[in-house]
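Beneath this line is the structure, given in structure tokens, with notes to follow.
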Amino acid sequence: MDSRRWEEVQRLFHQMADLPGDEQQPALEAACGGDADLREQVAALLQADAAGDSLLDRDVAHVAHAMIGHSSELPTHAFGPYHISEVLGEGGMGVVYLGERADLGSVAAIKLLRDAWISPARRERFASEQRTLAQLNHPAIARLLDADTLPDGTPWFVMEYVKGLSLTEYCRTHNASIAERFRLFREVCEAVQHAHRHAIIHRDLKPSNIMVTEEGRIKLLDFGIAKQIEGVESPVDHTRSGLRLMTPAYAAPEQLRGEGLGVHTDVYALGVVLYELLLGTLPFDLARKTPSEADTLILTVDADKPSTVARKLAPLPPHLRDVPVYAWTDLDVICLTAMQKDPARRYSTVDALMRDIDHFLASEPLEARADSLGYRLSKFVRRNTRAVVATALVAITVIGLVAFDGVRLTRARIAAEHEAARTSRVEAFMLNLFQGGDASAGPADSLRVTTLLARGVQEARSLSTDPAVQADLYLTLGGIYQKLGQFDRADSLVQLGLATRRTVFGPDHPDVGQALVALGLIQIDQAEYQAAEVTIRQGMAIEARSLPPDHPALALANLALGRALEERGEYATAILLLREAVRLERLRASGHPTPELAEAIEELANTHFMTGAYDLSDSLNREILGMNRTLHGDHHPSVADVLINLGAIQFQRGNYREAERFDREALAIDLRWYGPDHYETASAMTLVGRALNYQGHYGEAVGILRQSLAIQERVNGPVHPRVASALNDLGVAALQAGQLDSAAADFQRMESIYHQVYDDSHYLIALARANLASVYLEQQQYATAEAMFRDVIARYTAAQGAQHMNTAVAHIKLGRTLLREGRAREAEVETRTGYETLKSQTAPSVSWLQSARKDLAALYDSLREPEKAARIREEMADTGLKAVKPGRGN
């Protein structure tokens, strides 16, 4: 028997030996297929293995039963401070349980190597796993918490319990976009690169070992078969165990051949994972293949190009619709370079793979691709479209004149003339509209804007003989109605423009994509965020298929989609899209401020604000403020928008007087620009009322907030986030004044609106529930308040993170509830958690820091811990506060 055949027999024997006796024969027949000789050789080894009388000679199932009982029975041993509560998973080498720690109330994953005490080699592998994991400290790698052995010598270790979904399952259930998939994959690469820097390779990278947490972050599991790169395996170890410790579909050819492993082995597996992540299928179909057939397929056959597979997918998955046709060539190069059969031809490091991913996302030449003139030229054109187009037009004209290519030149001239005529006609129409038409009819400034727009719509409908121009006018007029806050009218006009463009140009024309993006922006203003995302993605996909990657329309599409995702609370993906929009606009701006660049940066700043990155948001907003003042002067609504953003940052930091100053300045601009009955004016009024509330000026706050609410309901209807925002601050004012029933009604209506507008996971629902819980606290309904605050903390943590200021305030509120129930020790934990978080992020005078200090002083008094109480009072003295009993409104 040759060595190759013996390796195959050995591998099958070990696979079958780990199965219960009654499952071995069916599994063996399935694995061997028609290879009767292979089946007989493995069966003979299994029979000899089962004939031994010693416990050490029995199969793994018998050993496992002797050691920990039947797999349905949980071990009763204590694993350090942990006790097992349920089985999480089971494999050939061991069982993974969920362990609970009673003293801290925490959970962890406990791995028990069922038959480790049988084989010294397995015991060594288990010990090696402990040493390996202990070296790795990275946020995307599951941490080793503890390790030891049972009295009978069975090793176990405790790992961080990761709750979430596998990488592919997460992307499938969340309908992850192409940008989100690349973000997640890049996090995987960063974790693997970290391990490589510590001379550790994983050797079994696959989606089931790559978890995505509920917060959308990567956690890499199971370095249990990782090897020190410097370590040297014996040939026996390669033959007997090395081949078993892998998953064939993701295994590199050198693993199948039993050759030396290294960084290149993980690079291959990452290539397979990326291939599957993009296409939803593996590069090789190993179903119903014998081990020998699977090995032959992987070792000798080249995988299909991703572009080839994508063309066969019907329907095309939504995330692939965003990939332009020209981009598939680079995706082919990235995946197939990582999966080269010859390790020397793969990416030399994971970092090299990441660099090419970054090049792909930036539309730059790949390092893995040959530097052909055509390839470099195509990338240059996409990054410098405007200059190249201008040059190309001149060149085409010269060539056309020299070559007398009359037909092509005539076609180009006709197309250019048609486009120019279309643009000229739209400009003439709008100029005539705002000049008032016939001069004898009176001066134009006597006409109201609404009158002009109504006349414009009527005249646009008369242009049926030129539908392309008619569609342009519908979209232009719809945009003006949108600015005026008349969203239903804007929606109907843009829908007309979209339908007309589809009829004139066909469904896949970039002008149709542009109209879809415009419609999506109106849907955002109408608080139809899910519909907006779908609409914008449709338009973006059309544009991406036919426009160069740095086209202005794509920048706008990225901005629009980023806005939609920001409103839905999907901040990580929104930031990626908005960064791309900013990048494209900076390229177009060439160092000069433009309205488009300012808008893109502002939206990015808003999203960073929502994640709690206040310093970064403040810096970006101050940059935009200077740009907008340069572009528009000091009294433009774009300036007001940035002032509102700066006010919001000051409000979050507890600088309420400074926040009021920014908000009042913005309100003055909006009043002059929009008048008193516009939703933008009302939004600025809400923010002024909020700042007044937190300074204790409740009477003044209520008056301005009621005025704001009336405007928002009139403009947006009863169910809209802007209405809920005004209700929020009215409820706060009522709560501060002790009008608890009124406050509860405002907060309940606020929560109802948010539930109708957003997904249940949105942080604004947590905000409404937190405020309502505050009412229950003041009504001394402590059990109800406590339950709601715990729910709020979980919601904030999931949506915005454990370190966000909203989460911290919720902990303080829960601590106050527990304190009033007389549960001072429990209250200390919650209040301290919120206090320490706020202390690191805000000014000492922030009201919630003041409240937390008062509560801590009170609870330490009740716990008879005078030294701690004295330290808190010293902090209070430093900020000029007095230790008073916590009461309503603190």
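Give the residue that is farthest from Tyr268 (Cα to Cα), with candidates limited to residues of segment 204-227 that are at pLDDT 85 or above and in contact with a Lys or Arg (Cβ under 7 Å, 6 or more places away or on another chain).
Once the filter is applied, the top-ranked residue is Glu214.
Of the residues Ala852, Ala870, which single one is surrounded by 15 or more Cβ atoms within 10 Å (Cβ to Cβ) and either modelled with pLDDT of 80 or more or touching a helix residue (DSSP H, G or I) at 6+ places or on another chain (Cβ under 7 Å) (or both)?
On the way: Ala870 fails: surrounded by 15 or more Cβ atoms within 10 Å (Cβ to Cβ).
Going through Ala852, Ala870 in turn, just one is surrounded by 15 or more Cβ atoms within 10 Å (Cβ to Cβ) and either modelled with pLDDT of 80 or more or touching a helix residue (DSSP H, G or I) at 6+ places or on another chain (Cβ under 7 Å) (or both): Ala852.
Name every residue in segment 272-296 that is part of a loop (DSSP other than H, G, I, E, B) and of a type outside the set (Gly, Ala, Ser), in order of residue number. Steps first, answer last, please.
Step one: list which residues in segment 272-296 are part of a loop (DSSP other than H, G, I, E, B), which gives 280-290.
Hits for segment 272-296 are Thr281, Leu282, Pro283, Phe284, Asp285, Leu286, Arg288, Lys289, Thr290.
Checking the conditions here, which among Val301, Val309, Val325 is over 24 Å from Arg537 (Cβ atoms) and aliphatic (A, V, I, L, M)?
Values: Val309 fails: over 24 Å from Arg537 (Cβ atoms); Val325 fails: over 24 Å from Arg537 (Cβ atoms).
Every option except Val301 fails the conditions.
Show the residue pairs that are 6+ apart or on different chains and have beta-carbon atoms under 8 Å apart, the first residue being within segment 571-595 and within 15 Å of Ala560 (Cβ to Cβ), the second being among the acidic types (Asp, Glu).
Thr573/Glu180; Ala574/Glu566; Leu576/Glu180; Leu578/Glu566; Leu578/Glu603; Ala581/Glu603; Leu584/Asp550; Glu585/Glu596
Residue check, Pro318 against (1) surrounded by 17 or more Cβ atoms within 10 Å (Cβ to Cβ); (2) in contact with a Lys or Arg (Cβ under 9 Å, 6 or more places away or on another chain), all met but one. Which one?
It is condition (1) that Pro318 fails.
What number of residues within segment 653-671 are open to solvent by 40 Å² or more (accessible area, probe 1.4 Å) and modelled with pLDDT under 85?
Summing the residues that are open to solvent by 40 Å² or more (accessible area, probe 1.4 Å) and modelled with pLDDT under 85 in segment 653-671 gives 1.
Within the set of pairs 6+ apart or on separate chains, which have a first residue in segment 761-780 that is at negative phi and at pLDDT 90 or above, a second that is open to solvent by 40 Å² or more (accessible area, probe 1.4 Å) and part of a loop (DSSP other than H, G, I, E, B), and C-beta atoms under 7 Å apart?
Partner pairs satisfying both residue conditions: Glu778/Arg888.
Condition first: within 16 Å of Leu559 (Cβ to Cβ) and open to solvent by less than 40 Å² (accessible area, probe 1.4 Å). Now tell me which residues in segment 520-539 satisfy that.
If the condition is that a residue be within 16 Å of Leu559 (Cβ to Cβ) and open to solvent by less than 40 Å² (accessible area, probe 1.4 Å), then Gly520, Leu521, Ile522, Gln523, Ile524, Asp525, Tyr529, Ala532, Glu533, Thr535, Ile536, Gly539 are the ones that fit.
Starting from segment 623-649, take each residue that is basic (Lys, Arg) and list its partners that are open to solvent by less than 30 Å² (accessible area, probe 1.4 Å) and at pLDDT 85 or above, counting only C-beta distances under 7 angstrom and pairs at least six apart or across chains.
So the pair list comes out as Arg629/Val639.
Quick test of your reading of the structure: Arg622 fulfils all but one of (1) crowded, with 19+ Cβ neighbours inside 10 Å; (2) modelled with pLDDT of 90 or more; (3) of a type outside the set (Ser, Thr, Tyr). Name the failing condition by number.
Condition (1) is where Arg622 drops out.
Please count how many residues of segment 323-374 are modelled with pLDDT of 85 or more and in a loop (DSSP other than H, G, I, E, B).
8
Criterion first (assigned to a helix (DSSP H, G or I) and either in contact (Cβ under 8 Å) with a residue 24 or more places away in the chain or in contact with a Lys or Arg (Cβ under 9 Å, 6 or more places away or on another chain) (or both)) does Leu299 satisfy it?
Against the criterion (assigned to a helix (DSSP H, G or I) and either in contact (Cβ under 8 Å) with a residue 24 or more places away in the chain or in contact with a Lys or Arg (Cβ under 9 Å, 6 or more places away or on another chain) (or both)), Leu299 qualifies.
Among the residues of segment 811-849, which ones are of a type in the set (A, V, I, L, M, F, W, C), open to solvent by less than 10 Å² (accessible area, probe 1.4 Å) and within 19 Å of Gly654 (Cβ to Cβ)?
Selection gives Ile812, Leu838, Val846, Leu849.
Among the residues of segment 540-549, is any open to solvent by less than 50 Å² (accessible area, probe 1.4 Å) and touching a Ser or Thr at 6+ places or on another chain (Cβ under 7 Å)?
Going residue by residue through segment 540-549, those that are open to solvent by less than 50 Å² (accessible area, probe 1.4 Å) are 540-544, 547-549.
Okay, now just the ones that are also touching a Ser or Thr at 6+ places or on another chain (Cβ under 7 Å), so 548-549.
There is at least one residue in segment 540-549 that is open to solvent by less than 50 Å² (accessible area, probe 1.4 Å) and touching a Ser or Thr at 6+ places or on another chain (Cβ under 7 Å).
For segment 7-98, which fully contained helices (runs of 4 or more DSSP H) count at least 3 residues that are polar (S, T, N, Q) and modelled with pLDDT of 75 or more?
none
Considering every residue within segment 684-693, establish whether at least one is in a helix (DSSP H, G or I), more than 30 Å from Leu849 (Cα to Cα), among the charged types (D, E, K, R) and at pLDDT below 90. Spell out how you get there, then give the answer.
Step one: of segment 684-693, the residues in a helix (DSSP H, G or I) are 684-693.
If we keep only those that are more than 30 Å from Leu849 (Cα to Cα) as well, we get none.
No; the residues of segment 684-693 include none that is in a helix (DSSP H, G or I), more than 30 Å from Leu849 (Cα to Cα), among the charged types (D, E, K, R) and at pLDDT below 90.
The values are calculated or read from the model by the stated rules, or taken from the named source; none is laboratory data. None of the values given here were measured: they were computed from a predicted structure. Counting neighbours? That spans all protein chains shown, and the Cβs are built from the backbone with ideal geometry, glycine included. For the accessible areas, the whole protein counts, side chains as well, though only heavy atoms, and no ligand, DNA or RNA atoms are used. Shrake-Rupley method; radii C 1.70, N 1.55, O 1.52, S 1.80 Å.
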